[in-house]
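Only one structure is covered here, and it is reproduced in the block below.
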Protein chains: 2
Amino acid sequence: MDKPEFKINGRIWIETPDGKVLGPGRVELLERIKASGSIRQAALQMKMSYKQAWDLINHMNENLGSPVIISHRGGKGGGNAVVTENGLKAIEQFYFLQNKFREFLKADDSEFRL
Amino acid sequence: MDKPEFKINGRIWIETPDGKVLGPGRVELLERIKASGSIRQAALQMKMSYKQAWDLINHMNENLGSPVIISHRGGKGGGNAVVTENGLKAIEQFYFLQNKFREFLKADDSEFRL
DNA sequence: TAGCGTTATATAAAAAAATATATAACGATT
DNA sequence: AATCGTTATATATTTTTTTATATAACGCTA
């Protein structure tokens, strides 16, 4: 139990006065929907239940100014989901911040010593 | 639902290969033990159960190189707990990082716009 | 119009986490 | 040696969260 290797880690998110609206998990969900065109497939890939994915999307749609996902049921393939312009902006801007945060973590990586 | 105010927020912690060992909550716990000399009182102040506080302390004691809290039972007052040198260093160093992180958040505060 | 796979939604079941309760150990103080 | 308030620990209960199950709606396709 001597000399453990300490690393600083953390996470960032976007919030409104009503609470958290965007974080790493939700952004990944958006990206997977963008790639697969399906809420269901994105949920399977991330090993979360469809309900959980849907709840997250619904919450984002209602709290990110305008919808990030537009979904349709029925039709070819049974239905589909697409990321809106607003959603794409959300992904892009969050990654920008995420990258800055990574730099921050890297810079302070060896600043914790007991 | 238009023009919500977006704020970036987040949290940092210290981890070893075995997982998280120190974060804002645990540091606050250490500080309250330092001030009160009692695990129990610190737990009450933070509205957590004694068990939860004890588990956190135990985990820190076992994973922060050397103990951060030394506790005694019996005696005057029924018992007591004191923060070790190692614990004081942990508090101090975490606050140093925490302050840097606050600056980071403030600097990037208005960088998310949809 | 029957079938398909998905979205949407509610409800039930299961799992996990938090909390409460109980009890013993402890040592200075009286 | 009895009392006190705390630490230490186990067990039980409650609460919360997560996951599973079921069912309906939908619109293209064949």
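Throughout, read-outs are computed from the coordinates displayed, never taken from laboratory work. Since the structure is predicted, the reported quantities are computational estimates derived from the model, not experimental observations. So basically every Cβ, Gly included, is an ideal-geometry build from the backbone, and we count neighbours across all protein chains shown.
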(request) Could you compute the FRET efficiency for residue A:5 and residue B:50, with r as their C-beta to C-beta distance and R0 at 41 Å, rounded to 0.05? (result) 0.85
(message) Can you give the FRET efficiency to the nearest 0.05 for residue B:36 and residue A:36, using r as the Cβ-Cβ distance and R₀ = 35 Å?
(response) 0.05
(message) On C-alpha positions alone, give me the angle between the axis of helix B:85-107 and the longest principal axis of chain B, in degrees, nearest 10.
(response) 10 degrees
(message) Quick check: the angle from helix B:24-36's long axis to the longest principal axis of chain B, C-alpha only, nearest 10 degrees?
(response) 40 degrees
(message) On a full-extension model of 0.36 nm per residue, what is the gain between residue A:102 and residue A:88, subtracting their alpha-carbon distance, rounded to one decimal in nm?
(response) 2.9 nm
(request) Treating only the Cβ atoms of Lys and Arg (+1) and Asp and Glu (-1) as charged, compute the dipole magnitude of chain B about its Cα centre; round to the nearest 20 debye. (result) 480 debye
(message) If I model the range B:62-109 as equal point scatterers sitting on the Cα atoms and use the Debye formula, what is log10 I(q)/I(0) at q = 0.22, 0.24, 0.29, 0.30 Å⁻¹?
(response) -0.79, -0.84, -0.97, -0.99
(request) Provide the convex hull volume over Cα atoms per residue for the range A:11-105, in Å³. (result) 101 Å³
(message) Largest first and in whole Å, what are the equivalent-ellipsoid semi-axes of the protein assembly as shown based on the Cα gyration tensor, each being the root of 5 times an eigenvalue?
(response) 42, 19, 17
(message) Which one, B:107, B:94, B:61, is farthest towards the positive end of the dipole of chain B when Lys and Arg carry +1 and Asp and Glu -1 on their Cβ?
(response) B:61
(request) Could you sort B:46-54, B:89-97, A:72-80, A:101-109 so that the peptide with the highest average Cβ count within 10 Å comes first and the rest follow in order? (result) B:89-97, A:101-109, B:46-54, A:72-80
(message) Taking amide H atoms as placed 1.01 Å from N in the peptide plane, list the residues 5 or more away in sequence, or in a different chain, whose amide H sits under 5 Å from that of residue B:68.
(response) B:61
(request) Tell me the distances, shortest first, between residue A:73 and the same position across the other copies, using label points 7 Å along Cα→Cβ, in nm to one decimal. (result) 5.7
(request) Give me A:69, B:70 ranked fewest to most by other Cβ atoms within 10 Å of their Cβ, as a rough exposure proxy. (result) B:70, A:69
